[in-house]
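The values are calculated or read from the model by the stated rules, or taken from the named source; none is laboratory data. Only a predicted model underlies this, so the values are computations on that prediction, with no experimental measurement involved. Virtual Cβ from ideal backbone geometry, glycine too; neighbours counted across all protein chains shown. Areas reflect the complete protein model, heavy atoms only, side chains present, ligands, DNA and RNA absent. Shrake-Rupley method; radii C 1.70, N 1.55, O 1.52, S 1.80 Å.
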Amino acid sequence: IAIAAITCDDMETSLFERCLRQAADSAKFKEAIPDPGRINLIGFQSGPARAELVGLLEAMGIGVNECLLPGWSLRSLENLRAAGIQVYCPRADYHEFDARFFQGHGLRSIAPEAPYGLSGTREWLEAIEAAVGRQGQFNQALEARYNEVCQTWAGVRESASHWRLGFVVAEAKLSTLEDGSSLDGLRLLPVVTEMGFGIDIMVWSPVGAPHRGELSGCPPGISLRRFSSAEELGELLSSGDCTAVYSDIGPDQRLLQNGLSRFSRFCFEPGFDGALRTAQRLLRICRLPFHRRYAKYWRTRGPQ
């Protein structure tokens, strides 16, 4: 059961950086005059969630010049300089090429915490409005919509409070639950806590090793238990109260044999509507009876 990290060796970002250098030599890039009211989004997942982020920004009077990663073209890279600010996902490798490329070409960049969850999305939007000098635009343009979403969110939180999600992590990697630098900016623990789910954290510690990994704060509703072997992990999975466990391995036989459903980072979407879809998706996973019903067959026969 693993939380898979993304590193600076990621093929797409390596190719992206090489193409950036090529684009920077073009006349279009060199001659562009940055518009302080426009931004480039770099590293935010494509699809309905990114479209919502663009729509929220435009409602605040902030134009989106280019959206890159995933996907780009040489034309879009040559057009980067037309925006006043690059807003990128707070992944560790993005920080690295920001220092090597954007700052080196005099391009201003910011990397606020990624817009997951309601409060995270609002804070992200407010950080961008401050960066482009449009403070107060969120309150003027989006406060009514935000309050409406919060009313729906309250009902989702009440439903989520009846379910628990599990995380299995090595003690040395415990901070990845709160730090999104290796998961496309997704801070797992704060987001699912905001949704109202109870949390069970199972921490692997070698036998005899001192307990060094800690959470910055263990809010009510979070249980933290340690194990040192596969057998101990099996006991925690079979005796715990969680109904779904985070895993980037699918299908994960350890979960199947204990009647547990699986969720991963791909269940999470940014934005206000994305946060609601994410919470509702996790609720459906928790309510799904299939894995509990057939666990005894997977224990005796394995997946068919």
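Simple spin-label estimate for H95 and A230 gives 3.6 nm between the two label positions (7 Å along the Cα-to-Cβ direction from each Cα). Averaging the Cα positions of each part gives two centres, and for region 240-255 and region 130-159 these lie 33 Å apart.
Assuming charge only on the beta carbon of Lys and Arg (+1) and of Asp and Glu (-1), the dipole of the chain about its Cα centre is about 900 debye to the nearest 20.
Once you have the Cα-Cα distance between R18 and S238, take 0.36 nm times their residue separation minus that, and quote the gain in nm to one decimal. Intermediate results must be reported in sequence, preceding the final value.
Values: separation 220, 0.36 × 220 = 79.20 nm, distance 4.85 nm.
So the extension gain works out to 74.3 nm.
In order along region 236-250, the phi-based Karplus estimate (6.51 cos²θ - 1.76 cosθ + 1.60, θ = phi - 60°) of 3J(HN,Hα) comes to 5, 5, 7, 9, x, 9, 6, 10, 9, 10, 5, 7, 8, 10, x Hz; Gly and Pro are listed as x.
With contributions of -39500 (n - 2.57) from each DSSP H run of at least four residues, the per-residue ellipticity at 222 nm computed over the chain stands at -13000 deg cm²/dmol.
Highest mobility in the GNM of the chain, judged by mean-square fluctuation with C-alpha springs under 10 Å and restricted to L74, L189, L282, is found for L74. Only protein atoms count toward the accessible area here, which uses a 1.4 Å probe; on region 151-288, the carbon and sulfur part of that area reaches 51 percent. Dipole of the chain computed with +1 at Lys/Arg Cβ and -1 at Asp/Glu Cβ about the Cα centre; of N139, T152, C19, farthest Cα towards the positive end is T152. With protein chains left intact and a 1.4 Å probe, residues in region 24-112 average 39 Å² of accessible area per residue. Taking region 123-156 and a reference point 7 angstrom along Cα→Cβ of A59, the backbone N atoms nearer than 14 Å belong to 123, 125-126, 137-152. Over all Cα atoms in the chain, the spread is summed up by Rg and Dmax: 21.4, 68 Å. Just checking the listed ones, Q135, Q280, Q151: in the Gaussian network model of the chain with Cα springs under 10 Å, the one fluctuating most is Q151. Of all the options G71, G47, G185, the one that moves most in a Gaussian network model of the chain with Cα springs shorter than 10 angstrom is G47. Relative to the longest principal axis of the Cα atoms of the chain, helix 118-131 runs at roughly 20 degrees.
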